[in-house]
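Have a look at the structure below, then the notes.
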Amino acid sequence: MSEQCGCDESRQARPSRRTVLAGALAGLAGAGLDTSLAFAADPGYTGDVLVLLSLRGGFDGLSAVVPAGDSAYYAARPTIAVPKTQLIGGGSFFGLHPALSPLLPYWTGGQLAAVQAVGQPAPNRSHFSAMEDLERAAPGTSIRTGWLNRMLGLSGSADPMRAVALGTAMPARVLAGPAPYLGIASIDKTVLTGEQAGRPIAATMAKLYESAPVALKQTAGQLNDALQKTAQLRAAGYTPANGAVYPGTELGAALRDVARLVKSGSGLMSATVDSGDWDMHENLGPAVAGRRMFDQLKALATALAAFAADLGPDGLRRVTLITISEFGRRVTQNGSGGLDHGYGNAMFVLGGNVKGGKVYGTWPGLTTAQLRDGDLAVTTDYRAVIGEILRARCGVGDLSSVFPGVAASSLGLVTAR
């Protein structure tokens, strides 16, 4: 997606993108693959497709899900607070930023909800360290795999297309581990570099590995299988349904491909997508078009609304999308009209089985005595929120294998299967 954030830490080093099968997938469309392969969903998994949308750079949940009933919010943000008269969503205490208006039908229709004052067990204001902790999700342990990879491992499937990381800036850590997954820029740009008519590199590679040791042969087979499936999708083409119009952004393109996979019957279990540029240390701006936060939120909402429309009611009932970010922002605006790194945050949950139209969680308050070192306090562990969804919608019975030492929340965010 767009640049992760604007601070020095992000500019100095960005994590490299990891993909399944030792980075073997790359580049541009090719030919020479069998496109007659029929997809068959794995009968062993009947849960929702879990879509993880990472809002990288430190999303300001207090701008998106505004605690208008807490007067300290307006005192702390004299030039960037969202006026009560501009809020949408109709809540008595919380309201949504007006730039989220494309999502309002899903909020009022009960498919979109939010959780406030959510976050990690302890503050961490370093982008990379906090994101690593967020995606590893096992503080105090020696576990180094990503939580999503641990969840995928419960299925025992060797099909890398069970989990797909889409876009140009993939979350490396959340999928790190032994369970296979596919990391691609897009469906229409997924073949081996150099593959072309009369030069079928993938087929040749499969032949070469026929007599290789099991581990190498399996990896080559997974690669070839993934290439054939994406070739079939390319050959079929794709037109979004229900009049959905995706914005011409990297996020829009990635979500379009997620919808395409959901509807293809490819056996997708989870997809990850990134959205960057949320690190607004300066010039966040008032809630009007043309200002930084407004335009960022509008782009996010437009892409998500297109995704939901494209899936339609039936497709949306098979999907639960959640947003996460490494940390929230400070409660008080800084001297540059922006917000420095903070702690507590907001999450969004979108899906056909979400009990939407409301804000969940325990509100800690924004007076000085209620803050955590100047930040919104965390009253709900983000892992507990995800755990509730995994248990209710994805069939994960033993949550400890995904989030060690964490119990699922009892917010009632979603209906149980």
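The values are calculated or read from the model by the stated rules, or taken from the named source; none is laboratory data. Keep in mind that this is a model prediction, so the values were computed, not measured. Neighbour counts are summed over all protein chains in view; Cβ atoms, including those assigned to glycine, are modelled from backbone coordinates with ideal geometry. Areas reflect the complete protein model, heavy atoms only, side chains present, ligands, DNA and RNA absent. Shrake-Rupley method; radii C 1.70, N 1.55, O 1.52, S 1.80 Å.
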- request: Inspect segment 277-290 for any residue being surrounded by fewer than 23 Cβ atoms within 10 Å (Cβ to Cβ) and assigned to a helix (DSSP H, G or I) and give the result as yes or no.
  value: no
statement: Considering residues that are open to solvent by 20 Å² or more (accessible area, probe 1.4 Å) and either among the aromatic types (F, W, Y) or free of Cβ contacts under 8 Å to residues at least 12 places away in the same chain (or both), the number found within segment 374-390 is 0
message: Between A72, A68, A29, A64, which is surrounded by 15 or more Cβ atoms within 10 Å (Cβ to Cβ), hydrophobic (A, V, I, L, M, F, W, C), modelled with pLDDT of 80 or more and farther than 30 Å from N353 by Cβ?
response: A72
message: Can you tell me which residue is farthest from G342 (Cα to Cα) among those in segment 399-413 that are of a type in the set (A, V, I, L, M, F, W, C) and either assigned to a helix (DSSP H, G or I) or open to solvent by less than 20 Å² (accessible area, probe 1.4 Å) (or both)?
response: L399
Unique match (being at pLDDT 95 or above, of a type in the set (F, W, Y) and open to solvent by 10 Å² or more (accessible area, probe 1.4 Å)) among F327, F307, F294: F294
field: Matching residues in segment 75-89 - criterion: being open to solvent by 30 Å² or more (accessible area, probe 1.4 Å) and either more than 26 Å from the chain's Cα centre (by Cα) or more than 19 Å from L297 (Cα to Cα) (or both)
entry: A75, P78, T79, P83, K84, T85, Q86
task: Might you let me know whether segment 144-165 holds any residue that is within 30 Å of H281 (Cβ to Cβ), touching a residue at least 60 places away in the same chain (Cβ under 8 Å) and surrounded by fewer than 23 Cβ atoms within 10 Å (Cβ to Cβ)?
output: no
task: Take segment 330-339 and flag every residue that is open to solvent by 10 Å² or more (accessible area, probe 1.4 Å) and in contact with a strand residue (DSSP E or B) (Cβ under 7 Å, 6 or more places away or on another chain).
output: R330, S336, G337
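Residue by residue, here is whether (1) within 24 Å of G69 (Cα to Cα); (2) outside any loop (DSSP other than H, G, I, E, B); (3) out of contact with any His (no Cβ under 9 Å at 6 or more places or on another chain); (4) in contact (Cβ under 8 Å) with a residue 12 or more places away in the chain holds:
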| residue | (1), (2), (3), (4) |
| --- | --- |
| T302 | no, yes, yes, yes |
| F307 | no, yes, yes, yes |
| D310 | no, yes, yes, yes |
| G315 | no, yes, yes, yes |
| T320 | no, yes, yes, yes |
| V331 | yes, no, yes, yes |
| Y343 | yes, no, yes, yes |
| V349 | yes, yes, yes, yes |
- request: Please go through segment 232-267 and pick out each residue that is open to solvent by less than 30 Å² (accessible area, probe 1.4 Å), out of contact with any Lys or Arg (no Cβ under 7 Å at 6 or more places or on another chain) and assigned to a helix (DSSP H, G or I).
  value: L251, G252, A254, L255, D257, V258, A259, R260, L261
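Residue-wise test of (1) closer than 21 Å to Y45 by Cβ; (2) open to solvent by 10 Å² or more (accessible area, probe 1.4 Å); (3) not hydrophobic (A, V, I, L, M, F, W, C).
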{"site": "R372", "(1), (2), (3)": "no, yes, yes"}
{"site": "A392", "(1), (2), (3)": "yes, yes, no"}
{"site": "G397", "(1), (2), (3)": "yes, yes, yes"}
{"site": "T415", "(1), (2), (3)": "yes, yes, yes"}
